[in-house]
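Encoded as structure tokens, the structure appears first; notes follow it.
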Amino acid sequence: MSGYCNLPESLTGTEGMGGVRQWPRGRILTWHVAAAVPGFSVSECQEVYSAAWDQWANASGLQHRFVSNAISANIIIGTRAIDQVGGILAEAQLPWAGISPDAQLQVWFDTRDQWTTAENWQGSGRFPLPTVAVHEFGHSIGIGHERNGETDAIMDPTVSHITTLQ
């Protein structure tokens, strides 16, 4: 197993900051790809991210839409150097209680890591972009980590063989 994201354990619950961490009901979340992960084009990332958002839509009824203009996006997906190779793979901001419909959150994928869409990624030195995207987007809609080691779930804080929502 490798690291997943940098969300502090103190912020992983669904309660806090005055209430439930979620977007207003019925909100269509808009997202924008500001930068592609190394080895992928923006359009390839858009395809991977759309499939990740679809998993959440199918499980929760949440609606999402890609937007080409970052100004109108609720979630900006980009890249940055977070830490050393194989450590923290990505970071995402959680919504807060009473979040306004025009708020913008950030999701970052680490530029120091190598990414893949291959299902047999383990041992390749690359990390599964689709899996990490589903995990991080879960945070973007207000879902925290599962408890360490107690379940096999996409929202575990480490990368494993789990690739889809349970």
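The values are calculated or read from the model by the stated rules, or taken from the named source; none is laboratory data. As the structure is a computational prediction, the values presented were derived from the model and not from experiment. Positions of Cβ are generated from backbone atoms using ideal geometry, with glycine treated the same way; all protein chains shown enter the neighbour counts. Heads up: the accessible areas ignore ligands, DNA and RNA and are worked out on the full protein's heavy atoms, side chains in. Shrake-Rupley method; radii C 1.70, N 1.55, O 1.52, S 1.80 Å.
A few points about this structure:
- Remark: region 78-90, residue by residue, has Karplus-estimated 3J(HN,Hα) of x, 9, 6, 6, 9, 7, 6, 4, x, x, 6, 8, 6 Hz, where x stands for each Gly or Pro and the curve is 6.51 cos²θ - 1.76 cosθ + 1.60 at θ = phi - 60°.
- On the beta carbon distance between Arg80 and Asp152, with R0 = 30 Å, the FRET formula returns roughly 0.55.
- Table column - 3J(HN,Hα) (Hz), region 154-161, Karplus curve with 6.51, -1.76, 1.60, x for Gly and Pro: 4, 8, 4, x, 10, 6, 9, 6
- Share of carbon and sulfur in the accessible heavy-atom surface of region 55-94 [1.4 Å probe, %]: 50
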